[in-house]
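Novice: Have a look at the structure that comes next, please.
Throughout, read-outs are computed from the coordinates displayed, never taken from laboratory work. Quick caveat: nothing in here was measured; it's all calculated off a predicted structure. Cβ atoms come from the backbone with ideal geometry, glycine included; neighbour counts cover every protein chain shown.
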Amino acid sequence: MRIFVTMLFVLPLGMGGVIALAQPLPETLTLEEAVTLAIDADPWLTGSQYTQQALTEEATAAATLPDPRMSLMAGNFPVDTFDLNQEAMTQLSVGISQMFPRGDSLALAKRQKQQLAEQHPLLRLDRRFKVTTTVTQLWLEAFKAQESIRLIEQDRALFEQLVDAAEASYSSALGRARQQDVIRAQLELTRLEDRLTMLGQQRQVAAMRLSEWIGAPATAPLAPVLPTASLVRPLSVPTIEQASESVRYEWIRHHPALRALDQRIDATQTGIDLAKQKYKPEWGLSAQYGYRDSDPMGRDRADLFSVGVTFDLPIFTGNRQDKEVSAAINRTEAIKTEKHLLGRKLMAELETASVQLERLNERQALYVNQLLPQMAEQAEASLAAYNNDDGDFAEAVRARIAELNAKIDALAIAVERQKIIAQINYLLAEASSDDARPVE
């Protein structure tokens, strides 16, 4: 069962009073909770949903014919009398006209908007992966500082005992401790205090950076257990290093960021087809009804009806249509280049991270299997030798400091390894077909 602590924030409301906002803070913050909070509170995801909805609605609007135009006109009035029945040409007319866009412009404009909308589920998926990676690395940075403080706090009691023992031995006539031993013990204790201050600063800085994503819960103590994430897909470092570029591209070709660029490329290619429609004429249909009053003799005059078709002649295409098609083609090629650059970047980052992970695995195995046990044995042996009047005090202190440093280094390696795994998992992220489903 998780226990939550409530923190109250009091905000002023001008002259009218105050309002208290309660925000529950977890007793300990796990990595999974931090990632969930960050994704749930990310305003970019909400903005992307609004943008997708706007593009979907624009797609419907783009496929609709332009509004018809209505005209009302009083024509051929005699300016001397303004009498309706004086002249045979005088009439009151009402007309309506409708324009029809060029070729398949409406269908292509709708398709282009839909293609732009379809990239947003992929962009949101990429954003969630990015937020997960960023928050994971910030949480791990704070965890490293917190657990380093815990390791030092555990050993500080031992160093305090060494100081007391050195002082007691120095003050005793029979003791072997020298004044420099007492000073050395006090110096190492002071250095530990300095390291604690520095690590506390690092913990606070990491918490403030994490608070950008999750708010006040970032200040809560972190869960004391290091998460052990694994790779979403197994990697073979020699295979990645020795594989051809086409083979290495297969590792990242389904990445949501690349898939989103594919959608943009499709939209610009539709833009090429849309630009080519401007070589076709735009048509217009108009109809007009004219009312005429009786002539001065009282005889009825026939009303008039007119119908017509208008269209433009796109014959001077050199500086307009040709250039617009060329611009659309260049825009498509530019986005293809952007995709190529992103693919190269993802492949390079994956190769780099894979090599780093392999070396960190080697270092972690070395520390766990050899270095940490050897450091512990050396520290115990040096302290036992000093207690049995067969060793040097400075050597005992150095051995204990070396063991503490080895523990902190091992923690740093374990944390860095998890950060690299989080980065590789982002690079190996895949978008399924459901993530790029067509917009209804």
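Novice: Can you tell me which aspartates and glutamates have their Cα less than 16 Å from the Cα of LYS144? Leave out same-chain residues fewer than eight positions away.
Specialist: Straight-distance partners of LYS144: GLU153, ASP409, GLU416.
Novice: Among all the aspartates and glutamates, which ones have a C-alpha under 18 Å from LYS323's C-alpha, if same-chain residues fewer than 8 places away are not counted?
Specialist: ASP273, GLU333
Novice: Each residue of segment 185-198 in turn: what ³J(HN,Hα) in whole Hz from Karplus with 6.51, -1.76, 1.60 and θ = phi - 60°, glycine and Pro shown as x?
Specialist: With coefficients 6.51, -1.76 and 1.60, one gets 5, 5, 5, 5, 5, 5, 4, 5, 4, 5, 5, 5, 5, 5 Hz.
Novice: Give the peptides 421-431, 195-205 in descending order of average Cβ contacts within 10 Å, highest first. Please report the intermediate quantities before stating the final value.
Specialist: On the way: 421-431: 20.4, 195-205: 15.0.
In descending order of packing, they fall as 421-431, 195-205.
Novice: What lysines sit close enough to LYS110 to cross-link, taking a C-alpha to C-alpha distance under 17 Å and skipping anything fewer than 8 places away on the same chain?
Specialist: Straight-line reach from LYS110, under 17 Å: LYS276, LYS278.
Novice: Quickly work out the GLU32-to-ALA376 label distance, labels modelled 7 Å from Cα along the C-beta direction, and quote it in nm with one decimal.
Specialist: 2.9
Novice: Loop-only chymotrypsin sites (Phe, Trp or Tyr not before Pro) in segment 274-343, please: DSSP not H, G, I, E or B, and at most 16 other Cβ atoms within 10 Å.
Specialist: Values: sites: TYR279, TRP283, TYR289, TYR291, PHE305, PHE311, PHE316; in loops: PHE316.
Within segment 274-343, the qualifying chymotrypsin sites (Phe, Trp or Tyr not before Pro) (loop, at most 16 other Cβ atoms within 10 Å) are PHE316.
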